[in-house]
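What follows is a set of notes on a single structure, which appears directly below.
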Amino acid sequence: MKLPKNYDQVDKWKSVMFLYKSALSEMEIKIGILSNEFKHLHNYNPIEHFVSRIKSPESIVKKLRKNGFDDSIESMVEQLNDIAGIRIICSFKSDIYNIANVLTKHKDITVLQIKDYIKSPKKNGYQSYHMVVSIPIYLAEGVSHVKVEMQIRTIAMDFWAALEHKIYYKFEGSAPVNIIEELKACADMVNSLDERMRELNESVQQCGLSSQDLN
């Protein structure tokens, strides 16, 4: 990303945040169009919904310091990949890879990093497909390439992740052993549920019905 020159810190911060917000807007448009295409042309929409967010200044500084980086704007842009984030929620695991594959075919999307926590879940059971991409933002002074983190997961995975997030902050990353074990057990159940729902969906399709017919 090109940082604005000869700006004071306040103006530079505003300009950088404008770029991240613009990048999110671009991705929201792309995903919205993709969702409508699936809905109207393919009679099936794998995207249940999606949400986006910009990391707060407090969270940015906290993460930089936690990882031993300087808390400057330059360091923020260079070191952090998740300042602009978008989460796509799907029905089935197969939808996750389908959506990721379609989005990466866009010529203006450059994949910088992929972390597949579905094939290789975290120790606590966390599952999700993470992808850091760069997209061009065209401004009067030229093009700036901005990083956006995408997380793609099923409804069940998202429910689990929301609970895990609350527990993490409730206990400041040091939850009691029994809660950690129960959370891991729930993750195993989520994985089993996703698999059974996939099998059920396939059975429905074999009967000549689509998932949309069940709604």
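When region 167-195 is examined, which residues are found to be of a type in the set (Lys, Arg) and modelled with pLDDT of 90 or more?
Within region 167-195, just Lys184 meets the criteria.
Would you mind stating whether Ile33 is closer than 18 Å to His145 by Cβ, loosely packed, with under 12 Cβ neighbours inside 10 Å and more than 14 Å from the chain's Cα centre (by Cα)?
no
Would you mind listing the strands (runs of 3 or more DSSP E) fully within region 93-177 where at least 2 residues are surrounded by 13 or more Cβ atoms within 10 Å (Cβ to Cβ), touching a strand residue (DSSP E or B) at 6+ places or on another chain (Cβ under 8 Å) and among the hydroxyl-bearing types (Ser, Thr, Tyr)?
Correct list: 129-139, 142-154.
Looking at region 183-203, which of the residues that are surrounded by 13 or more Cβ atoms within 10 Å (Cβ to Cβ) and charged (D, E, K, R) is farthest from Cys90 (Cα to Cα)?
Lys184
Residues are listed down the side, and each one gets a yes or a no for (1) under 19 Å from Ile152 (Cα atoms); (2) part of a helix (DSSP H, G or I):
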site	(1), (2)
Val10	no, yes
Ser25	yes, yes
Ile29	yes, yes
Gly32	yes, yes
Asn45	yes, no
Ile89	yes, no
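Say whether the condition of being farther than 27 Å from Val204 by Cβ, among the β-branched types (Val, Ile, Thr) and modelled with pLDDT of 95 or more is met by at least one residue in region 111-121.
The answer is yes; a qualifying residue exists.
Listed residues Lys66, Lys39, Lys105, Lys14; which is free of Cβ contacts under 8 Å to residues at least 12 places away in the same chain and closer than 27 Å to Arg196 by Cβ?
It is Lys39.
I'm trying to understand the selection: among the residues of region 145-180, which are touching a Ser or Thr at 6+ places or on another chain (Cβ under 9 Å) and touching a residue at least 40 places away in the same chain (Cβ under 8 Å)?
Selection gives His145, Val146, Lys147, Val148, Gln151, Ile152, Arg153, Thr154, Ile155, Asp158.
In region 47-68, what count of residues is obtained for those that are outside any helix (DSSP H, G or I), within 26 Å of Pro136 (Cα to Cα) and out of contact with any strand residue (DSSP E or B) (no Cβ under 8 Å at 6 or more places or on another chain)?
Qualifying residue count for the region: 1.
If we keep just the residues of region 69-87 that are in contact (Cβ under 8 Å) with a residue 40 or more places away in the chain and outside any loop (DSSP other than H, G, I, E, B), which is surrounded by the fewest Cβ atoms within 10 Å (Cβ to Cβ)?
Glu74
The values are calculated or read from the model by the stated rules, or taken from the named source; none is laboratory data. These numbers come from a predicted model, not from an experiment. We place every Cβ from the backbone using ideal geometry, glycine too, and count neighbours over all the protein chains shown.
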